[in-house]
């Protein structure tokens, strides 16, 4: 087996946007692997700040991602249930998740347990849409979602959070951070607990059990960095989250219990080796440890240990920025499943260029990944942008990407298949062609190949703010994610999905309303298991009682809509959450 049989993707996009100066000055890292102003990008990117997260009042990362253009989210039950992200119609496993630059996830399933990434730990989210394997290697066919944890930049400050809501849902969190005399430190800890809802809603299912399926999670992150003078800095990051969730199972009287721990530890060194030469070295390790109690007498363990080393060099020239990077990724799986192959490694060489010549913006990247299991694969990307006015620009981007099969898809007993292959306004057109797409869908789940998938669509976005503090933002995705041969829709992906959020000052506070809508989807590749379209209304209100204190209330699914994200699985009805937050400036 070799990479020529795996998935390949091409992307062509055009966008024209009018944005505010504040938006243009936002610094983005994920799109180019270097800090770059939003106005200088030739990529389709959304940045969600800590302020955005607090203002939205969402309770989970899945909720936040669902409102981002080009993103569809499914969840096997209520809060804390397994969630999957479909970015621009690509598979859930075609979105690469990074936490502070580190891959965190399972090499068995090919997915990241985003339900175990608590919002209280997050400082910023960057979503890069479009093929990005030329930047990050395997998995980035639909794009990249990078989570940045709280770093402690700014003046010393503390924060605290407490909330309670429907389904006996409680959340607590607290943290402290500072930056002083060349030392930067942050520590954040939190806990979540909910009684939940019944996961399976179909009484005819062999797993149906009307009891509530709960979720709990405890988490902690910490960062410590020390300046060595000038632009030189060394540091250490630690992320840990452990949770337990229940899921209806067979026999009906037994609740399957899933215990999952996510851990990432990394050390970094940033050095200015010469006036025009900057080095970034990162060495880290991540662990995804899942224990599944399938029945009263059986237990399955799946562990993924990933070792990661990245040494990137940035060279500033009169014509732009040149980038070169050497990378190593080692994956090891262990547990109760007797995989015949348990280890593989990927050694990579990346080169890139970024330049601004007058009103012209250029970006290019080329990458080669040598996989110990499958051989080598090359990916590339070219981007061009043109700024018509200080507020209006257009860009085009084309590139390739790929995904290597997961250990489960290759080797899982009775399931794996070793033969598998592989005013701001904006408008983006995209088209992706994927050879040998691997899909896991239907009831029951099973992997299968779609020889040629064709995903094309348009994303429309808009955002406006008024002088009196009112704001509105929305997006509409019109897409055709289909089997290129049968023209049937790919599983769990809609032709149309949209989000709209509006907020305005009200009664000395701020009122917020959100609408999320999707057209019909199908749970299987044959389009026999239909799931109806839906529209959800969420409302919230927040008010500062003192400069550093505020209280907030949120009602999700205000109309108590009954709908499905995954066939036969339940979703929360109308639910409420109330909380208070304390946060000092600078943290």
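The values are calculated or read from the model by the stated rules, or taken from the named source; none is laboratory data. Nothing here was measured: the structure is a model prediction, and the numbers come from that model. Positions of Cβ are backbone-derived with ideal geometry, glycine not excepted, and every protein chain shown enters the neighbour counts.
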Scan the stretch 434-468 residue by residue and report those that are at pLDDT below 80, within 21 Å of the chain's Cα centre (by Cα) and under 20 Å from residue 143 (Cβ atoms). 437, 438, 439, 440
Could you check residue 243 against (1) closer than 20 Å to residue 567 by Cβ; (2) touching a helix residue (DSSP H, G or I) at 6+ places or on another chain (Cβ under 9 Å) and say which number it fails? (1)
Tally, over the stretch 257-292, of residues that are surrounded by fewer than 18 Cβ atoms within 10 Å (Cβ to Cβ) and more than 28 Å from residue 222 (Cα to Cα): 5
I need a count of the residues in the stretch 81-104 that are buried (at least 24 other Cβ atoms within 10 Å of the Cβ) and assigned to a loop (DSSP other than H, G, I, E, B). 6
Condition check: more than 25 Å from the chain's Cα centre (by Cα), assigned to a strand (DSSP E or B), at pLDDT 85 or above and surrounded by 15 or more Cβ atoms within 10 Å (Cβ to Cβ). Does residue 377 satisfy that? no
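Just to be sure, is residue 286 in a strand (DSSP E or B) and either closer than 16 Å to residue 117 by Cβ or modelled with pLDDT of 95 or more (or both)?
Values: in a strand (DSSP E or B): yes; either closer than 16 Å to residue 117 by Cβ or modelled with pLDDT of 95 or more (or both): yes.
Taking the combined requirement at face value, the residue satisfies it.
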Determine, yes or no, whether residue 138 is assigned to a helix (DSSP H, G or I) and either surrounded by 23 or more Cβ atoms within 10 Å (Cβ to Cβ) or on the phi < 0 side of the Ramachandran plot (or both). no
Can you go through 57, 13 and tell me which one is touching a strand residue (DSSP E or B) at 6+ places or on another chain (Cβ under 8 Å), modelled with pLDDT under 85 and farther than 29 Å from residue 557 by Cβ? 13
Among 510, 493, which is the only one that is surrounded by 20 or more Cβ atoms within 10 Å (Cβ to Cβ), part of a loop (DSSP other than H, G, I, E, B) and touching a strand residue (DSSP E or B) at 6+ places or on another chain (Cβ under 7 Å)? 493
Matching option when the condition is touching a strand residue (DSSP E or B) at 6+ places or on another chain (Cβ under 6 Å), assigned to a strand (DSSP E or B) and crowded, with 18+ Cβ neighbours inside 10 Å, among 186, 191: 186
Give just the number: which of (1) part of a strand (DSSP E or B); (2) at pLDDT 90 or above does residue 545 not satisfy? (2)
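Quick check on this structure: which one of 296, 405, 413 is over 21 Å from residue 40 (Cα atoms), modelled with pLDDT under 90 and in contact with a strand residue (DSSP E or B) (Cβ under 7 Å, 6 or more places away or on another chain)?
Details: 296 fails: in contact with a strand residue (DSSP E or B) (Cβ under 7 Å, 6 or more places away or on another chain); 413 fails: in contact with a strand residue (DSSP E or B) (Cβ under 7 Å, 6 or more places away or on another chain).
From the options 296, 405, 413, the qualifying one is 405.
Does the stretch 304-338 hold any residues that are under 30 Å from residue 257 (Cα atoms), touching a strand residue (DSSP E or B) at 6+ places or on another chain (Cβ under 8 Å) and surrounded by fewer than 19 Cβ atoms within 10 Å (Cβ to Cβ), and which are they?
Start the filter on the stretch 304-338 by keeping residues that are under 30 Å from residue 257 (Cα atoms), which leaves 304-307, 330-338.
Next, only the ones that are touching a strand residue (DSSP E or B) at 6+ places or on another chain (Cβ under 8 Å) stay: 304-307, 330-337.
305, 307, 330, 332, 334, 335, 336, 337, listed by residue number.
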Residue set 563, 582; condition surrounded by fewer than 18 Cβ atoms within 10 Å (Cβ to Cβ) and not in a strand (DSSP E or B); output residue 563
Flagged in the stretch 380-394 as out of contact with any helix residue (DSSP H, G or I) (no Cβ under 7 Å at 6 or more places or on another chain) and either buried (at least 17 other Cβ atoms within 10 Å of the Cβ) or assigned to a strand (DSSP E or B) (or both), in numbering order, are 382, 383, 384, 385, 386, 387, 388, 389, 392, 393, 394
